[in-house]
Amino acid sequence: MQRLSLPLLVTAIMTPQILETLYSPALTAIRSDFGISAAQAGQTLSIYFFAFALGVAFWGAFCDRFGRRPAMLAGLALYLVGAGLALLSGSFTLLLAARALIAFGAAVGSIVTQTMLRDVYQGPALGRMFALVGVALSISPLLGMFAGGALVAWGGSAAIFTAQAAWALVLLLWSYGTLPETRPRQTATAAAPGIALATMLRDRHIWCSALLVASFNIMVFSYFSLAPFMFERLGLNSQQFGYSGVMLALGSLAGALLNRHLLARGVSAKRQILLGGLLAVASGVALFGWQHSLWMLLPCALVMLAFGLAIPNVLSQALSRYRQQLGTAGALFGLLYYLLIGLGLTIAARGQDLAATLLLFGLLSLWCAGRLPAGAPELNPKAAR
């Protein structure tokens, strides 16, 4: 088995979040360019996640059948085509189609990267790798929002789509040159997706994990969907909204570093996820009082801290029972939670109330964390050593 290029894998797994945070500052410009409402502009994020869910399912099964490397290259090529289509789109309908194609292709960066990490690492080592991924993801809002705000100020929404196409091309060429194949031989004879799906849908642990991943992502991405218009009501522009990524990145980085510290001290994943849920609920309550001023950035940064703390723990243990078909199981798991994310963001876009969204999904995450098995080895770092 060839050595993994961790910089490439980390970049690939950061790509979906960078794409969305890069796009978020353009929402107000897109509303003006296409003559649509704020709720309709927010729906472009929902469309992204629904298409992303289908992409995760497709590329997960594809990488089990044909290999991790071919899946990554094909997905990135589709993402590049979608970015080019978005750049040329003259109608909102065509933009939605382009967004869907971008999401379908970019999904390969999430599912194939996670699958490759699970191919190579297990137990505490896998937990440490996902903690590293968490640290990398913590800077994604800073990179995406800061760059997105500057690009919108310079060239409007067209500059965003140009940047997305350039990112796709660089990642495609990088993957072609350095990405190895890590698929174990036994996955070629793994159970059919239908059998795996039936098994997973009966697994309470899978449902809890999917709802946890969805809840924390909905809280984060509802900020990217709703906050541009909150900033506009405060008399601030897209570039100034982009600067808010600094606060979010600090919160996410603090969560990722806290996660690594607690892992080193042997604190169980379940306790860390519960703590993340408590912090999310607290942020929702605080935002009700601060949502009409820039103080709203403090509870939103707290949500990012909760995300950075909880998500690596959820992802590292979610598929521990499905090691013989990680690509297919990862695809089905991703399909489930990305559909839930799309549904949640649709609700958030219609409601246009960030504080209520954070409180609702914070409570859901806390409830799901409480239902995770307490004594399972995969949830206890000490037991896995």
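Computed from the coordinates by the stated procedures, all read-outs in this text should not be read as laboratory data. The structure presented is a predicted model; accordingly, all values stated were derived computationally and were not measured. Methodologically, a virtual Cβ is constructed for each residue, glycine included, from the backbone with ideal geometry; neighbour enumeration extends over all protein chains shown.
Some notes on this structure:
- Prolate/oblate/rounded call for the chain, Cα gyration tensor, a/c under 1.5 rounded: oblate
- Long-range amide H partners of residue 181 with built H, under 5 Å: 2
- On the beta carbon distance between residue 162 and residue 240, with R0 = 22 Å, the FRET formula returns roughly 0.50.
- For segment 1-78 versus segment 279-341, the gap between their alpha-carbon centres in whole angstrom: 17
- Gyration tensor (alpha-carbon) shape descriptor, segment 9-140, a/c threshold 1.5: prolate
- Exposure proxy ranking, count of Cβ atoms within 10 Å, fewest first, for 33, 119: 33, 119
- Trypsin sites (Lys or Arg not before Pro) within segment 1-74: DSSP coil, no more than 12 neighbouring Cβ in 10 Å: 3
- Over the residues of the chain, the helix contribution to mean residue ellipticity at 222 nm works out to -28000 deg cm²/dmol, using -39500 (n - 2.57) for each DSSP H run of at least 4.
- Full extension of the chain between residue 199 and residue 233 gives 7.4 nm of extra length, using 0.36 nm per residue less the Cα-Cα distance.
- If you plug the beta carbon distance of residue 6 and residue 153 into 1/(1 + (r/R0)^6) with R0 = 35 Å, you get a FRET efficiency near 0.55.
- Helix runs (DSSP H) in the chain reaching 27 Å along axis by Cα, Kyte-Doolittle at least 1.0: 68-88, 92-120, 140-178, 245-264, 269-290, 297-318, 326-351
- Residue with peak Gaussian network fluctuation, the chain [Cα springs, cutoff 10 Å], from 25, 16, 180: 180
- In a fully extended conformation the segment linking residue 265 and residue 185 would gain 25.2 nm over its present Cα-Cα distance, using 0.36 nm per residue.
- Geometric extent, Cα atoms of segment 70-213 - Rg, Dmax (angstrom): 18.2, 52
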